Amino acid sequence: MFVKKIAVLSAAALVFTGLASCSTPDSSSQDEDVNESYEVSRVESYETVEELVVASDLIVVADVSEEFTVTELNGFSFTERVVHPSATLKGSEVQSVVVSGIGTPKAEGALVPGATNLLFLSEYEVQPGDSTGKYVVTGVYAGAYEQEATGRFTKLDHDSPELPAELRVEDVTAVLSTE
């Protein structure tokens, strides 16, 4: 558990401090309709659903609301989006969760209002030992899957080719039952 908290702290530190200095928005995105694109450096990469499950504090199927706030840190934007879980696969059940990600609501990999997502989430702390009660997607974008009309969830992260392109809730619950 101690090692996991250290990994979460490292990930949070990357997202909220180091990432800002390692990431650059794609300067060719001048049109408002074009999504922002960022190059990100990850603390850890995930190759299997099992690794995502172990690294995540909360796994939910959630509807993405219109509610969000945008904050800036070291000149980079971060969006905090509210999601409403309809199912909790791992962690404590909650009515809403604040999920923070790099960029504005138009950033590549950003959660889309009205969509239903399968989210692997890690709680973050800005100051060690001081819980924010907020989450980041495990692996920057790796732990975000959006539901398709088929009911399956499609991977949003194009930089994690090892992870399955599609998941079902049953796939995740099967992994959780072996944990």
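The values are calculated or read from the model by the stated rules, or taken from the named source; none is laboratory data. Quantities reported herein were computed from a predicted structural model and do not represent experimental measurements. We place every Cβ from the backbone using ideal geometry, glycine too, and count neighbours over all the protein chains shown. Note: areas computed on protein heavy atoms with side chains; ligands, DNA, RNA excluded. Shrake-Rupley method; radii C 1.70, N 1.55, O 1.52, S 1.80 Å.
So here's what we get for this one:
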| read-out | value |
| --- | --- |
| All positions within region 131-160 that are more than 17 Å from Val99 (Cα to Cα) and out of contact with any Asp or Glu (no Cβ under 9 Å at 6 or more places or on another chain) | Gln147, Ala149, Gly151, Asp159 |
| Listing of strands (runs of 3 or more DSSP E) fully contained in region 84-157 that carry 2 or more residues being touching a strand residue (DSSP E or B) at 6+ places or on another chain (Cβ under 7 Å), of a type in the set (Ser, Thr, Tyr) and open to solvent by less than 30 Å² (accessible area, probe 1.4 Å) | 116-127 |
| Criterion violated by Ser160 - all others in (1) of a type outside the set (A, V, I, L, M, F, W, C); (2) open to solvent by 30 Å² or more (accessible area, probe 1.4 Å); (3) in contact (Cβ under 8 Å) with a residue 60 or more places away in the chain; (4) outside any strand (DSSP E or B) satisfied | (2) |
| Among residues of region 70-91, those that are under 24 Å from Ile59 (Cα atoms) and either over 14 Å from the mean Cα position of the chain (by Cα) or touching a residue at least 24 places away in the same chain (Cβ under 8 Å) (or both), counted | 14 |
| Boolean, Glu72 is outside any strand (DSSP E or B) and either open to solvent by 50 Å² or more (accessible area, probe 1.4 Å) or farther than 25 Å from Gly151 by Cβ (or both) | no |
| Of residues in region 135-179 being among the charged types (D, E, K, R) and under 19 Å from Val112 (Cβ atoms), the one nearest to the chain's Cα centre (by Cα) | Asp157 |
| Residue count for region 129-166, restricted to those that are farther than 21 Å from Thr79 by Cα and touching a Leu at 6+ places or on another chain (Cβ under 6 Å) | 1 |
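Here is a yes/no grid of residues against (1) of a type in the set (A, V, I, L, M); (2) at pLDDT 90 or above:
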{"residue": "Val70", "(1), (2)": "yes, yes"}
{"residue": "Val82", "(1), (2)": "yes, yes"}
{"residue": "Val98", "(1), (2)": "yes, yes"}
{"residue": "Thr104", "(1), (2)": "no, no"}
{"residue": "Ala110", "(1), (2)": "yes, no"}
{"residue": "Glu123", "(1), (2)": "no, yes"}
{"residue": "Thr154", "(1), (2)": "no, yes"}
